[in-house]
Amino acid sequence: MASEKPQDLMVTCTAPVNIAVIKYWGKRDEALILPINSSLSVTLHQDQLKTTTTVAISKDFTEDRIWLNGREEDVGQPRLQACLREIRRLARKRRSTGDGDALPLSLGYKVHVASVNNFPTAAGLASSAAGYACLAYTLAQVYGVEGDLSEVARRGSGSACRSLYGGFVEWQMGEQADGKDSIARQIAPEWHWPQLRVLILVVSADKKQTGSTVGMQTSVETSTLLKFRAESVVPERMKEMTRCIQEQDFQGFAQLTMKDSNQFHATCLDTFPPISYLNDTSRRIIQLVHRFNTYHGQTKVAYTFDAGPNAVIFTLEDTVAEFVAAVRHSFPPAANGDKFLKGLQVAPVLLSDELKAALAVEPSPGGVQYIIATQVGPGPQVLDDTHDHLLGPDGLPQRDL
């Protein structure tokens with residue numbers, strides 16, 4: 001790849017979004033981004049949700065530059081710099097130990113980075129996780145860094161280390177002060193549970209009021225419930241959730257997912273002043289899920305909410321169509337009936353009158369903007385086709401970004 005022009009190199013990769021089912025909230029070290037508890041997530045399929053990043057390196061570049069979704073951003077922001085520093089440190093270390101080929105690239109060269117998401121940024125859809133995982137993975141390809149990239153990705157966004165793997169992933173909190181043992185690890189591959197489906201109910205594509213970083217800091221400082229959760233609740237839940245996934249125990253998985261989401265949001269309310277990421281539509285979705293499950297006499301659907309009002313729904317393949325119909329019934333689409341469902345195809349079904357009666361909802365038109373239907377997916381990928389590059393030969397964003 002680099003043989004024609006050894007001094008310049010351009011690589012493009014994609015990385016997935018992950019959704020935590022055992023939540024990460026709170027750091028024990030702000031600089032190294034080390035968590036106060038372990039967490040566990042599901043990697044979503046990149047056919048529906050992904051970040052694409054191109055990294056170019058050249059002796060002709062005069063400074064590091066970055067473009068996100070077509071707009072140039074401040075390359076000096078501390079977390080971005082931490083990622084760049086960490087990957088360059090690893091590259092220097094690799095070169096000094098003589099591990100692998102001598103790199104043709106001078107580590108003094110500047111980088112240009114362009115990154116795009118195919119979903120709303122900063123709307124509670126784990127965009128920073130996908131973004132920093134993609135950055136870490138692409139930088140590693142450029143600089144010839146191998147091995148675990150948890151530390152590089154984590155410096156950008158804690159949960160980004162979980163997006164370095166497909167399937168089901170745990171981020172071990174670690175115990176060492178330097179964070180060397182705070183790493184992500186796959187607990188089951190993406191093909192492990194083929195019937196599992198994920199629906200993202202996009203309630204609001206707006207930027208959230210309280211960013212995660214500030215929210216977490218305040219929670220750690222003021223919430224006694226958060227301390228109890230991290231020390232006394234999460235360790236057992238991590239074991240139980242791992243078991244549920246390995247045994248494909250949907251009832252157990254679904255109930256624990258909902259309980260952990262609820263507890264996370266309880267710690268936000270226990271924060272002082274309180275933080276509320278859920279809105280009225282979020283609460284209506286919670287009610288809808290519980291009524292749907294009660295009607296069926298078993299847990300067929302589970303919700304989880306990150307630091308935002310959008311719901312992520314887990315269910316099995318045979319329940320998707322009926323639950324989508326229940327969402328349509330409860331939140332009748334505004335004008336975009338045909339664009340209401342994106343992603344995987346879902347055959348329309350009619351709701352029975354009995355189920356409609358059991359849901360007992362006052363319809364809330366337009367409450368859910370749209371649904372993205374997806375499934376469990378793989379980790380980051382390298383795109384080999386040069387047409388996929390987001391930067392042109394001059395190292396600047398392509399026109400059609």
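Some notes on this structure:
- Of Leu355, Leu90, Leu80, the residue with the greatest mean-square motion in the GNM of the chain, using alpha carbon springs below 10 Å, is Leu355.
- A prolate overall shape is assigned to the stretch 266-358, the ratio a/c of its alpha-carbon gyration tensor axes (a ≥ b ≥ c) being 1.5 or greater and a/b exceeding b/c.
- Over 21 Å apart at the Cα level, from the set Lys259/Lys300; Lys27/Lys227; Lys50/Lys339; Lys300/Lys356; Lys59/Lys180; Lys227/Lys259, are Lys59/Lys180.
- Under 5 Å, built H, 5+ apart or other chain: amide partners of Val203: Asn310, Ala311, Gln369
- Signed unit charges on C-beta, dipole axis of the chain, positive-most listed residue Ser223, Gly174, Ala358: Ser223
- Computed over the stretch 219-330, the Cα gyration tensor eigenvalues convert (square root of 5λ each) into semi-axes of 26, 19, 9 Å, ordered from largest to smallest.
- Over the stretch 196-375, accessible surface divided per residue gives 46 Å², non-protein components excluded, 1.4 Å probe.
- Across the stretch 371-388, rounded Karplus estimates of 3J(HN,Hα) from the backbone phi angles (6.51 cos²θ - 1.76 cosθ + 1.60, θ = phi - 60°) give 10, 10, 9, 8, 8, 6, x, x, x, x, 10, 8, 9, 8, 7, 5, 5, 7 Hz, Gly and Pro being marked x.
- Counting charges near Leu135 (Lys, Arg +1; Asp, Glu -1) among other residues having Cβ under 14 Å from its Cβ returns a value of +3.
- Placing +1 on each Lys and Arg Cβ and -1 on each Asp and Glu Cβ, with no other charges, gives the stretch 196-375 a dipole about its Cα centre of roughly 240 debye.
- Degrees separating the helix 212-222 axis from the principal Cα axis of the chain, which is the longest one: 70 degrees
- Value of Rg to Rh for the chain (Rh from inverse mean 1/r over Cα pairs, i.e. Kirkwood): 0.99
- Ellipticity at 222 nm from helices only: DSSP H runs of n ≥ 4 in the chain, each -39500 (n - 2.57), divided by the residue count, give -10000 deg cm²/dmol.
- Phi to ³J(HN,Hα) by Karplus 6.51 cos²θ - 1.76 cosθ + 1.60 over the stretch 145-162, Hz, x for Gly, Pro: 8, 10, x, 6, 9, 3, 5, 5, 5, 4, 5, x, 7, x, 6, 5, 5, 6
- 10 Å Cβ shell holding at most 14 others, DSSP loop, GluC sites (Glu not before Pro): longest site-free stretch of the chain: 248-401
- Solvent-accessible area, 1.4 Å probe, carbon plus sulfur percent, for the chain: 50 percent
- Amide H contacts for Asp29 (H built 1.01 Å from N in the peptide plane; partners 5 or more residues away or on another chain; cut-off under 5 Å): Leu34.
- For Arg65, residues with placed amide H under 5 Å, excluding near neighbours: Val111, His112, Val113
- Within a Gaussian network of the chain (alpha carbon springs, distance under 10 Å), most fluctuating of Gly158, Gly147, Gly308: Gly147
- The phi torsions of the stretch 227-240, fed into the Karplus equation with coefficients 6.51, -1.76 and 1.60 and a -60° offset, translate into couplings of 4, 4, 4, 4, 8, 10, 10, 4, x, 5, 5, 4, 5, 5 Hz, rounded to whole numbers, with Gly and Pro shown as x.
The values are calculated or read from the model by the stated rules, or taken from the named source; none is laboratory data. This one's a predicted model, so the numbers in the text were calculated from it and none came from an experiment. FYI the Cβ positions are ideal-geometry reconstructions off the backbone, even for glycines, and counts take in every protein chain you see. We work out accessible area using only protein heavy atoms, side chains counted, and drop any ligands, DNA or RNA first. Shrake-Rupley method; radii C 1.70, N 1.55, O 1.52, S 1.80 Å.
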